[in-house]
């Protein structure tokens, strides 16, 4: 499967004020945009072409990918304006870019290293129209799945099966191009009603449970901080916590894990504990910050705990 549609149009409301400066898929994780982890994950599974929808601060994508590529893979961007089309509407809106080929859909705000080959194998061998990647534990167990048939049977008991769900939907799924026949171009619509209609009408909405690897939804500041800590502890962080171009005074005090971005400055006498500094931010003399996230260009002063500046 060579095409992937990576969802980049989310508003990131739970991450404000961070997403006042960047779309959620572009927030830095160890000095690189979150969405690039999705790209690398997909490249390793054989994907060669990316399609990304945009809406909130679309110009930030052009700045992050000025050549329209990630590594050797081309990225086709499609802006949704004036309204955001949601997931199903977003897929319908890029049909021409997907070129009627099978494709993977991948939420742009997740961070995961789960193996994708079981998804591709299940999707091909079972002849599914759509195949979801599920996990058997996590924060939102909304999907009901019949292991004997390999099919999804309900979502949050919307079809009245009496089952609220036992599996987490990871935000990753494989689709046949025939999915477009279920979509309405220009309609603002989530993919969930489409999935429910597929179940009702007997279309093959399959799934595969993949509990290997790690999975985080970075939709909240707590999850964003936790993912940094986890990558560091697992030894899988792609870069040093302190960027080589950051300027950290020898008289600053760093406690725990502090991820300090390119060109950031930590002045003498500043104290940081488990903070994330975006590029070109400044922590002034005497500042004391704990579990804070400092956006690009912000000059942080005083004492703060658990806030974003």
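The values are calculated or read from the model by the stated rules, or taken from the named source; none is laboratory data. The model shown is predicted, which means the values in this text are computed figures rather than measured ones. Every residue, glycine among them, receives a Cβ derived from its backbone with ideal geometry; neighbour counts consider all protein chains shown.
Free of Cβ contacts under 8 Å to residues at least 40 places away in the same chain, surrounded by 14 or more Cβ atoms within 10 Å (Cβ to Cβ) and under 22 Å from residue 108 (Cβ atoms): does that describe residue 230?
Taking the combined requirement at face value, the residue satisfies it.
Looking at the range 206-222, can you tell me whether even one residue there is part of a helix (DSSP H, G or I) and out of contact with any helix residue (DSSP H, G or I) (no Cβ under 6 Å at 6 or more places or on another chain)?
yes
Got a number for residues in the range 6-43 being within 22 Å of residue 83 (Cβ to Cβ) and assigned to a strand (DSSP E or B)?
Matching residues across the range 6-43 total 2.
Regarding residue 3, is this residue in contact (Cβ under 8 Å) with a residue 12 or more places away in the chain, buried (at least 22 other Cβ atoms within 10 Å of the Cβ) and closer than 23 Å to residue 83 by Cα?
Answer is no for this residue.
Considering only the range 269-309, give the strands (runs of 3 or more DSSP E) lying wholly within it that have at least 1 residues that are surrounded by fewer than 16 Cβ atoms within 10 Å (Cβ to Cβ).
Correct list: 303-305.
Given the criterion out of contact with any strand residue (DSSP E or B) (no Cβ under 9 Å at 6 or more places or on another chain) and modelled with pLDDT under 95, identify the matching residue among 22, 11, 18.
Just one listed residue meets the conditions, 11.
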